[in-house]
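Where a number appears in this text, it was derived from the coordinates with a stated rule and is not lab data. Not measured: the values here are computed from a predicted model. Cβ atoms come from the backbone with ideal geometry, glycine included; neighbour counts cover every protein chain shown.
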Amino acid sequence: MAKRLIIGVFIFLALGMFNMPCYANNTVNRPSDEIRRVETGGYFFEIIEPERSIITTDKNALVSFRASRDTDICIEVYHNSSIEKDKEKYILLYDPIDITVGALQRGWASVDLKLGLNKIQFMIKYKNGSEDSIERIINVMDAKEIKQLLQDVVNKPTLSRWQR
């Protein structure tokens, strides 16, 4: 029993010592998080990074994807400008990024984000003319905010977790 306790404390301390730049955001369940690969008439589009909506401290994000050859991808980055916490009002941060996928069937782009909620929208136009759209929400927070968020989750009573 004492051995398990010591191992558990050691793991807890080891995890606390590492600085993790990115955290999964499981608090918001969006339908777009479930979409990783879209196939339409023999053509495909797959987001490699970010796999799902996340919380991060990094204001620069690298988005990468795989798609069929000659697929046109338009990436638009939006920022939530709403003052109220419960409402979302997204504005376009800068001009869209247009990419045509080549023979390697891979693409990537670096996007600049602002503090708060950011939405990255992928608009896909396949060679056969069909279109799809996928979005990812990235919440950029200060390290202090993320630490407080994690402490709030840890300090919640167990009973309230089961009631949800």
**Peptides ranked, highest mean first, by Cβ atoms within 10 Å: ranges 122-131, 67-76** = 67-76, 122-131
**Asked** Quick one: if the Förster radius is 41 Å, what FRET efficiency do Ala2 and Val153 give, using the C-beta to C-beta distance and rounding to 0.05?
**Response** 0.90
**Request:** Could you pull out which residues in the range 95-118 have an amide N less than 16 Å from a spot 7 Å beyond the Cα of Asn128, following the Cα-Cβ vector?
**Result:** none
**Request:** Under a cut-off of 20 Å between alpha-carbon atoms, report the lysines in cross-link reach of Lys87, not counting same-chain residues fewer than 8 places apart.
**Result:** Lys114, Lys119
**Asked** For the range 23-155, what is the charge dipole size about the Cα centre, in debye to the nearest 20, if Lys and Arg each add +1 at the Cβ and Asp and Glu each add -1 at the Cβ?
**Response** 160
**Asked** Using Cα pairs under 8 angstrom and six or more residues apart, how large is the relative contact order of the range 77-164, in percent?
**Response** 23
**Message:** Counting just the Cα atoms, what span does the range 76-164 cover along each of its three principal axes? Round to the nearest Å and put the largest first.
**Reply:** 53, 29, 23
**Item:** Ranked packing of 104-117, 143-156, 49-62, most packed first, by mean Cβ within 10 Å
**Value:** 49-62, 104-117, 143-156
**Fill in**
With the 8 Å Cα cutoff and a minimum separation of six or more residues, the range 23-155 has a relative contact order in percent of 26
**Fill in**
Listed by chain and number, the residues whose amide H is under 5 Å from that of Ser133, excluding neighbours fewer than 5 places away on the same chain and using placed H, are Ile124
